[in-house]
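The values are calculated or read from the model by the stated rules, or taken from the named source; none is laboratory data. Keep in mind it's a predicted model, so treat the numbers as computed, not measured. So basically every Cβ, Gly included, is an ideal-geometry build from the backbone, and we count neighbours across all protein chains shown.
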Amino acid sequence: MTRPASILPLLIAAAGIAVFSVMDALMKRASIAVGAYEAMLLRSGLGVAVMLPVWRARGGRVPRGALLRLHVKRGAVAVCMATTFFWGLARTPMATGIALSFIAPLLALFLAAVVLGEKVGARAVRAALLGFAGVVVICVGRARAGGMMPGPVLQGMGSILLSALFYAWNLILQRQQAQLASPEEVALSQFLVGGLILLPAAPWLWVAPGHVVLATVALSAVLATVSLMLLAWAYARAEAQLLVPIEYSAFIWSALMGWLWFAEGLTWPTLVGAGLIALGCWIGTRGTAPVHIEQTAL
């Protein structure tokens, strides 16, 4: 059915990004403690444990055919994206890591035109470029301030750039998946497929985690579940080009988490860049055109 575009999907997407940013900080802690592989495997298992009862209670049915293939494809892309991202984030300041990841939403705007057939409007392009300009200001400011750049940080930045390639594809698959499956099915499939992909390496990479790590990953699994469901709901009700600029707001939350939890300082370039990012989000989402509302479970 068609009706005037609502601000609600945009607000829900913004909330999903904020929750994801807190989850990123928790996963950085866990990845520093036990490594990105174990943190991801733990989160996948706990995520399945949380989502399976919810999915069953909502009358979930085992997907088949094209939908099952789409779940497997996105799950595989997402686990590659997340593992390389958290491996890099454990070695890189949060603000720098998130700044690098913003290459992906910029690419996804144009992938949406190719893969989904969406029309990329001039306002959406300006918003994405303005957000990216904010990222450049932050990176240049860090370089001029003489920020630390030892080998592990360079490796971490490279891993995050690799993650960004997967992230751009993930954003497009997210839009396709959200149109065909309920948010709880989307979340469950991502945890389940990711866990099954990671599990075979457990005999060589698994180390028994402590209680603090388990609690940290458990909380991150809950937050990841909430975020996945919020984003699935939003992407089922608004075009990717309207929602992708909101991805830039993650930097604001990540900079705050880095400052509070990891003693990573905030500088004037960081604040200016965050302002540009927020302005880009506002430009990209105001006065949106009517959208097609999909019939989904939530």
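From the list Ala202, Ala236, the lone residue that is closer than 21 Å to Val77 by Cα and either of a type in the set (D, E, K, R) or touching a Ser or Thr at 6+ places or on another chain (Cβ under 7 Å) (or both) is Ala236. When Ala178, Ala236, Ala240, Ala263 are screened for being of a type outside the set (Ser, Thr, Tyr) and either over 19 Å from His71 (Cα atoms) or at pLDDT 80 or above (or both), only Ala263 passes. Of all the criteria given as (1) in contact with a strand residue (DSSP E or B) (Cβ under 8 Å, 6 or more places away or on another chain); (2) at pLDDT 90 or above, the one not satisfied by Thr2 is (2).
Candidates in segment 200-236 are the residues that are touching a Leu at 6+ places or on another chain (Cβ under 8 Å) and not hydrophobic (A, V, I, L, M, F, W, C); of these, the one that is farthest from Ala99 (Cα to Cα) is Pro209. For segment 15-42, the tally of residues that are touching a Ser or Thr at 6+ places or on another chain (Cβ under 6 Å) and not charged (D, E, K, R) stands at 12.
Within segment 43-66, one or more residues are over 20 Å from Ser182 (Cα atoms) and crowded, with 22+ Cβ neighbours inside 10 Å.
The numbered conditions (1) at pLDDT 70 or above; (2) of a type outside the set (Lys, Arg); (3) farther than 17 Å from Ala255 by Cβ are all true for Phe102 except (3). For beta carbons closer than 7 Å, sequence separation of 6+ or different chains, a first residue in segment 153-167 that is under 11 Å from Phe85 (Cβ atoms) and in a helix (DSSP H, G or I) and a second that is modelled with pLDDT of 80 or more and of a type in the set (D, E, K, R), the qualifying pairs are Gly156/Arg91.
For segment 1-10, the count of residues that are more than 19 Å from Ser159 (Cα to Cα), of a type in the set (S, T, N, Q) and over 21 Å from the mean Cα position of the chain (by Cα) is at least one.
Note on segment 191-267: enclosed helices (runs of 4 or more DSSP H) holding 1 or more residues that are touching a residue at least 60 places away in the same chain (Cβ under 8 Å) and surrounded by fewer than 20 Cβ atoms within 10 Å (Cβ to Cβ) are 202-205, 211-235, 250-262. How about segment 167-185: which of its residues are of a type outside the set (A, V, I, L, M, F, W, C) and under 16 Å from Ala76 (Cβ atoms)? Selection gives Tyr167, Asn170, Gln174, Gln176, Gln177.
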